[in-house]
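Visitor: Please read through the structure below; I'll follow up with questions.
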Amino acid sequence: MSDSTAGRTLVRVSVDPVSRQERKQRTRQALLDAALGLLAERTFAGLSLREVTKRAGIVPTAFYRHFESMDELGIALVEESMRSLRRMLRAARNDPSTYRDIIRASVLTLYEHVRAGEDHFRFLTRERYAGTGPVRRAIDVELRLFSSELAVDLARFEYLREWSTEDLRMMSDLLVTAMLQTVLELVEARPRDAENDAEIVRTAEKRLRLITLGVPNWRSRR
């Protein structure tokens, strides 16, 4: 075998596995996107595998190369939606420039993320309150993780350092519930305009401020 032939062989060996992986990832994402598009007007329980694969442009049998079941696809949608939001909100809380007004920074981050991915959050809010089975449980798990991370961050504030884990978790649960209400208001907003969005954001900030001001006072009076 000539040196040039050997070189060509080595190139094929090193490049082909990468391209196959990229194709697999693109197909997997196409399935997620197809499911999300179909979920705009229905619940996940009403979605069929054949509908998803047809919209994604693949044969039904190819679905199982990427997901073991429709439930696994639904769980992947939950993780795709929630984990990026948790990451962005964590970054907002950790940015020193936002310490003076961490509530506003968090609300604006939430607003921007929801508006950039409304299909994801419409899916989450619908399945959170009306869904059943593994997908709803996956949402509950993600929300518990969200609340736990927030409780850890709250403990860094000087006036909260003496709080018990139970009290910190209670406060973080209240904050997460308030954020979910804001998400619901954003995806259901009518009319969809800047003025209405600004009012939703203002209300969201007031809710979070009320919780952060009210809970410490409640605790001191127990």
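The values are calculated or read from the model by the stated rules, or taken from the named source; none is laboratory data. In this text the structure is predicted, and so the values were computed from the model without any measurement. Cβ atoms come from the backbone with ideal geometry, glycine included; neighbour counts cover every protein chain shown. Heads up: the accessible areas ignore ligands, DNA and RNA and are worked out on the full protein's heavy atoms, side chains in. Shrake-Rupley method; radii C 1.70, N 1.55, O 1.52, S 1.80 Å.
Visitor: Just give me the residues in the range 187-204 being within 20 Å of the chain's Cα centre (by Cα) and open to solvent by 20 Å² or more (accessible area, probe 1.4 Å), in sequence order.
Guide: Residue satisfying the conditions is Glu188 alone.
Quick grid of which residues meet (1) farther than 17 Å from Leu208 by Cα; (2) at pLDDT 95 or above; (3) surrounded by 14 or more Cβ atoms within 10 Å (Cβ to Cβ):
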{"position": "Tyr64", "(1), (2), (3)": "yes, yes, no"}
{"position": "Ile102", "(1), (2), (3)": "no, no, yes"}
{"position": "Thr109", "(1), (2), (3)": "no, no, yes"}
{"position": "Arg122", "(1), (2), (3)": "yes, no, yes"}
{"position": "Arg126", "(1), (2), (3)": "yes, no, yes"}
{"position": "Arg156", "(1), (2), (3)": "yes, no, no"}
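Visitor: Let me confirm something: among Asp140, Asp173, which residue is closer than 26 Å to Gly74 by Cβ, surrounded by fewer than 16 Cβ atoms within 10 Å (Cβ to Cβ) and charged (D, E, K, R)?
Guide: Unique residue meeting the criteria: Asp140.
So that you can scan it fast, the table gives a plain yes or no per residue for (1) closer than 30 Å to Leu38 by Cα; (2) over 18 Å from the mean Cα position of the chain (by Cα):
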site	(1), (2)
Phe123	yes, no
Ala138	yes, no
Glu149	no, no
Asp153	no, yes
Phe157	no, yes
Thr165	no, yes
Asp173	no, no
Thr177	yes, no
Thr182	yes, no
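Visitor: From the list Thr212, Thr177, Thr182, which one is within 24 Å of Ile102 (Cβ to Cβ), polar (S, T, N, Q) and free of Cβ contacts under 8 Å to residues at least 60 places away in the same chain?
Guide: Thr177
Visitor: How do the pairs read when you match residues in the range 105-123 that are among the hydroxyl-bearing types (Ser, Thr, Tyr) with residues anywhere that are assigned to a helix (DSSP H, G or I) and surrounded by fewer than 17 Cβ atoms within 10 Å (Cβ to Cβ), using Cβ under 7 Å and keeping only pairs 6 or more apart or on different chains?
Guide: Sorted first by the residue in the range 105-123, then by its partner, the pairs are Thr109/Met88.
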